[in-house]
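Asks: Here's a structure for you.
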Amino acid sequence: MHYVIMGCGRVGSSLAHSIESRHHTVAVIDVDVEAFRRLGPEFRGTTIKGVGFDRDVLLASDIEHADGFAAVSSGDNSNILAARVVRESFGVDNVVARIYDQGRAEVYERLGIPTVATVRWTADQVLRRLVPGGAAGLWRDPSGNVQLVEVPCHVGWIGQSIRWIEGQIRTPIPALTRYGSAMVVAETTVLQSGDIVYAMVESDRINDVQTTMSAPPVEH
């Protein structure tokens, strides 16, 4: 598969190497040729000087055969413009834009353009590790209606079947992390001490799920 990245900063260069390590081809676009030094001599892909919303630059990156496009430069406007050009002019559906402004990121998500709001993501990750007792959002759909959240669990839930817990909180638990390794929940999975639980929840029910899971299960 072939991928195009706009922006060769720390994120873009790391992304390029990660994609290459998965045996895909990569083209990297940046206005500053010095930025390509971050790729190092082992990089086997293509580098193109220019902006990612310029048609000729995109054609030079083989965007017509791209399976995905990531706009991760330092400019919000450039990133979102490039993502729209790639999607609307070249028909690449798999696009992602990095956006620093959280408000704009939410607007673009509602327009169907997946974004990574850097400040929001960082704040969420720090909050998840810093403040106990809260449900931390890990993913949400573009409409904002559904989120994948990490839910802290009261010790009273330990030993219960995950399927039974799902029934109590009325929401799916697709996966959990155990001893540092993620696993997909099976019919026989039982909650163990130290497990990190991930629930797929409607956004307006996150507080309800958090409240239920932070207390012992109710005996019926």
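The numbers here are math on the coordinates, done by the rules we state, and not lab data. The model shown is predicted, which means the values in this text are computed figures rather than measured ones. Backbone-built Cβ (ideal geometry, glycine too); neighbour counts: all protein chains shown.
Asks: Taking segment 181-199 as the search range and keeping residues that are over 16 Å from GLN168 (Cα atoms) and touching a residue at least 40 places away in the same chain (Cβ under 8 Å), which one is farthest from the chain's Cα centre (by Cα)?
Replies: ASP195
Asks: May I ask you to list the residues in segment 49-87 that are basic (Lys, Arg) and not in a helix (DSSP H, G or I)?
Replies: Answer for segment 49-87, where residues must be basic (Lys, Arg) and not in a helix (DSSP H, G or I): just LYS49.
Asks: Which of the residues belonging to segment 1-14 are surrounded by 20 or more Cβ atoms within 10 Å (Cβ to Cβ), closer than 14 Å to GLY68 by Cβ and either aliphatic (A, V, I, L, M) or touching a Lys or Arg at 6+ places or on another chain (Cβ under 7 Å) (or both)?
Replies: VAL4, ILE5, MET6
Asks: Say we look at segment 16-33 and pick out the residues that are touching a Gly at 6+ places or on another chain (Cβ under 9 Å) and part of a helix (DSSP H, G or I); which of these is surrounded by the most Cβ atoms within 10 Å (Cβ to Cβ)?
Replies: ALA16
Asks: Picking from GLU187, GLU202, which residue would you name as being closer than 29 Å to ASN94 by Cβ and exposed (fewer than 15 other Cβ atoms within 10 Å of the Cβ)?
Replies: Only one candidate passes the filter, namely GLU202.
Asks: Just the residues that are part of a strand (DSSP E or B), touching a helix residue (DSSP H, G or I) at 6+ places or on another chain (Cβ under 6 Å) and free of Cβ contacts under 8 Å to residues at least 40 places away in the same chain, please, taken from segment 88-105.
Replies: Scanning segment 88-105 gives VAL95, ALA97, ILE99.
Asks: Now for a separate question. Any idea which residue in segment 34-48 is surrounded by the fewest Cβ atoms within 10 Å (Cβ to Cβ), counting only those that are outside any loop (DSSP other than H, G, I, E, B) and of a type in the set (A, V, I, L, M, F, W, C)?
Replies: Among those that are outside any loop (DSSP other than H, G, I, E, B) and of a type in the set (A, V, I, L, M, F, W, C), it is PHE36.
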